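Written below as structure tokens is the structure these notes are about.
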Amino acid sequence: MKGNTAEKFLVEYFSHLMYQTFKDFDIVISDQSEENNLKEICDTFSHVLDIKYVKNISGKKNAANNVNNAVRHATGDIIKLLYMDDFFVDQNALQKIPDAFDANPDSKWFISGFTHSNEDRTQFFDTRHPWYENKYVNGDNTTGNPSNYAVRNNCALEMDDDLLWIVDGEYFYRSYFYHGDPIKLNDVLVCFREHGSSAFRDPKFMELDAKERQYCIDKYNKGMPPKDVALNWK
């Protein structure tokens, strides 16, 4: 992210989590940056939050690779993805997620309602209830982004880190293929923050659209990869 945006967002991120009513959680931070600024922030908050900081040394710097690195270090029964520039808008969010899984013992994954805000969180817009139509892979994503996604730990799938622009839609599609319909909670739990460093505003990512759609067509024309290739962590 540009300037000190990452540091600012991480401080806000931890500050929001401190006020969650549900307390039995830990946080896994995967850091792709070359400096130690984010680690220092993690160290500062570690006296009030259970934070596991891991450096991502894979050399492949994209969101999917970083998510995969974080999930590999997650040990809880439920994994809740939440990008660092996004945040909870419901203080009971972390309670509502395990409650939803408890009420749906056969379901493997979960999506919730979400909203959007500008960078400084003074304007909120485009609030949506969850719906799911990614039952095909063509690059479209009707579901949101992974910040409104949670999954049972033993069902977590690896994101395709060869994708940059349509990685979210492909991930939701593959979750449906392996695990069926998600739990859909109408409550708005998270906010997707729009800002100058957002990938969806980056022209070089937008230009990948046609190429990545063709990549997905070729990938799935060969058949869905075996589940162990998709990486089902236990």
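The values are calculated or read from the model by the stated rules, or taken from the named source; none is laboratory data. Note that the coordinates shown come from a computational prediction; the quantities given were computed from them, not determined experimentally. Positions of Cβ are generated from backbone atoms using ideal geometry, with glycine treated the same way; all protein chains shown enter the neighbour counts. Accessible surface areas use protein heavy atoms only, side chains included; no ligands, DNA or RNA. Shrake-Rupley method; radii C 1.70, N 1.55, O 1.52, S 1.80 Å.
Structure above, values below:
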| read-out | value |
| --- | --- |
| Residue 50, sole failed condition from (1) over 30 Å from residue 179 (Cβ atoms); (2) in contact (Cβ under 8 Å) with a residue 12 or more places away in the chain; (3) in contact with a strand residue (DSSP E or B) (Cβ under 9 Å, 6 or more places away or on another chain) | (1) |
| Per-region count, region 54-99, residues crowded, with 16+ Cβ neighbours inside 10 Å and of a type in the set (Ser, Thr, Tyr) | 1 |
| Residue, farthest from the chain's Cα centre (by Cα), within region 142-175, restricted to residues that are modelled with pLDDT of 90 or more and of a type in the set (Ser, Thr, Tyr) | 175 |
| Flag for residue 104 being touching a strand residue (DSSP E or B) at 6+ places or on another chain (Cβ under 9 Å), open to solvent by 30 Å² or more (accessible area, probe 1.4 Å), within 13 Å of residue 185 (Cα to Cα) and not hydrophobic (A, V, I, L, M, F, W, C) | yes |
| Enumeration of residues in region 56-75 that are under 16 Å from the mean Cα position of the chain (by Cα) and either touching a residue at least 40 places away in the same chain (Cβ under 8 Å) or assigned to a loop (DSSP other than H, G, I, E, B) (or both) | 61, 62, 63, 64, 65, 67, 68, 70, 71, 72, 73, 74 |
| Matching residues in region 13-52 - criterion: being closer than 16 Å to residue 75 by Cα, crowded, with 17+ Cβ neighbours inside 10 Å and not hydrophobic (A, V, I, L, M, F, W, C) | 30 |
| Odd one out for residue 214 among (1) over 30 Å from residue 125 (Cα atoms); (2) of a type in the set (S, T, N, Q); (3) modelled with pLDDT of 80 or more; (4) not in a helix (DSSP H, G or I) | (4) |
| Hits in region 184-199 (condition: within 27 Å of residue 217 (Cα to Cα) and open to solvent by less than 40 Å² (accessible area, probe 1.4 Å)) | 198 |
| Some residue of region 105-126 being at pLDDT below 95, closer than 23 Å to residue 171 by Cα and either assigned to a loop (DSSP other than H, G, I, E, B) or hydroxyl-bearing (Ser, Thr, Tyr) (or both) | no |
| Counted residues, region 19-54 - those being farther than 20 Å from residue 94 by Cβ and of a type in the set (S, T, N, Q) | 5 |
| Count of region 151-183 residues which are open to solvent by 40 Å² or more (accessible area, probe 1.4 Å) and aromatic (Phe, Trp, Tyr) | 4 |
